[in-house]
Amino acid sequence: MESVNITQNNSQEFDFEKSLDVGNWFLMGSPVPLLTIMIAYWLFVLKVGRLWMNKRTPFTLTNVLAVYNVAQIFISLYILCIGSDFLWHNGLIQTGCGIEKADVKLSATAGTYTYFLAKITELFDTIFFILRKKYNQASFLHIYHHSITVMSTWVILKYEPNMIATIFLGTLNSFVHVIMYTYYALSAYPQLAKHLWWKKYITKLQLVQFMLIFVQILADYKYSKCKPSNILITVVCVNLLLFVYLFSNFYVKTYKLNDKKTKNVD
């Protein structure tokens, strides 16, 4: 589609401004619908789901998980492609306030919205853990990570949808998720799961991701001609540091300590 400057055509300006009013988009008009989804999610994964499964046999969900994980791979690939294209043409540092070309702005906003919807669908990760009675995997780290990602993405989309920092974050995260959901899709089949040796490297990749996002957003804040807001910087950086702590702690407990126990047994 040919790039169109918003100021060049009044009728096109009206159409694009109407399209870019995210308040008219599904779940974006008010925080109430999203909060309702999140409360239902927390109730199910923390209480109701566990009570419901108490006297039931765990569901296997092999084929359901395979389809779900493959769908997540393609969604993440789509976001990765459009995000990479945007960053390739616009760079990693915000050079101006806003995006001049209306079609590019609409594409960036729509991509962020797709990322937001993807984060909502990823809540099923935890729901599937509960239905399979994998309660240890529905940890504080897992639930907090999924919850804060959904809610912060809503806030960013509502108030700062076209910042380079947030597009970089979503693009890099989608790259990690392509690899992660590929692992999950394969591990859904027991005959394949025993041959998958690279799970711990996904956690390492996630930690590298957090570090890169941290460096990028600080660089953007220092060198950008249109700096991200202090609120965005604070929220993202605090959560990144918390994620680094939680994921590092998970890595040490899951892999390092287990390796030591295995060596002691040997």
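Based on this model, can you work out whether residue 95 counts as exposed (fewer than 12 other Cβ atoms within 10 Å of the Cβ) and at pLDDT 95 or above? Answer is no for this residue. Restricting the range 176-203 to residues that are loosely packed, with under 14 Cβ neighbours inside 10 Å and in a helix (DSSP H, G or I) leaves a set whose member that is farthest from the chain's Cα centre (by Cα) is 191. Residue 22 meets the conditions (1) modelled with pLDDT of 95 or more; (2) β-branched (Val, Ile, Thr); (3) crowded, with 18+ Cβ neighbours inside 10 Å in every case but one. The failed one is (1). Test residue 50 against the stated conditions and say whether it is more than 23 Å from the chain's Cα centre (by Cα), modelled with pLDDT of 95 or more and not in a loop (DSSP other than H, G, I, E, B). Spelling it out, residue 50 is indeed more than 23 Å from the chain's Cα centre (by Cα), modelled with pLDDT of 95 or more and not in a loop (DSSP other than H, G, I, E, B). Of all residue pairs spaced 6 or more apart or on separate chains, those with beta-carbon atoms under 9 Å, a first member in the range 134-155 that is closer than 29 Å to residue 56 by Cβ and a second member that is of a type in the set (Gly, Ala, Ser) are 138/49.
Contact map, the range 168-194: first residue farther than 14 Å from residue 69 by Cα, second residue at pLDDT below 95 and part of a loop (DSSP other than H, G, I, E, B), Cβ cut-off under 8 Å, separation 6 or more or different chains; pairs are 168/92.
Checking 149, 126, 95, 112 one by one, the residue that is assigned to a helix (DSSP H, G or I) and over 17 Å from residue 180 (Cβ atoms) is 112 and no other.
Residues are listed down the side, and each one gets a yes or a no for (1) modelled with pLDDT of 90 or more; (2) touching a Pro at 6+ places or on another chain (Cβ under 6 Å); (3) over 26 Å from residue 93 (Cα atoms):
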residue	(1), (2), (3)
210	yes, no, no
218	no, no, no
230	no, no, no
236	no, no, no
247	yes, no, yes
251	yes, no, yes
258	no, no, yes
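All of 108, 138, 102, 165 fail the test of being crowded, with 18+ Cβ neighbours inside 10 Å and at pLDDT 95 or above, apart from 138. The set of residues in the range 53-82 that are of a type outside the set (S, T, N, Q), part of a helix (DSSP H, G or I) and surrounded by fewer than 14 Cβ atoms within 10 Å (Cβ to Cβ) comprises 67, 74, 81.
For the range 152-162, what are the residues that are in a helix (DSSP H, G or I) and surrounded by 18 or more Cβ atoms within 10 Å (Cβ to Cβ)? The answer is 152, 153, 154, 156, 157. Scanning the range 200-229 for residues that are among the aliphatic types (A, V, I, L, M) and in contact (Cβ under 8 Å) with a residue 40 or more places away in the chain yields a count of 5.
The values are calculated or read from the model by the stated rules, or taken from the named source; none is laboratory data. Since this is a predicted model, take the numbers as computed values, not measurements. Because the Cβ atoms are built from the backbone with ideal geometry, glycine has one as well, and the counts that use them run over all protein chains shown.
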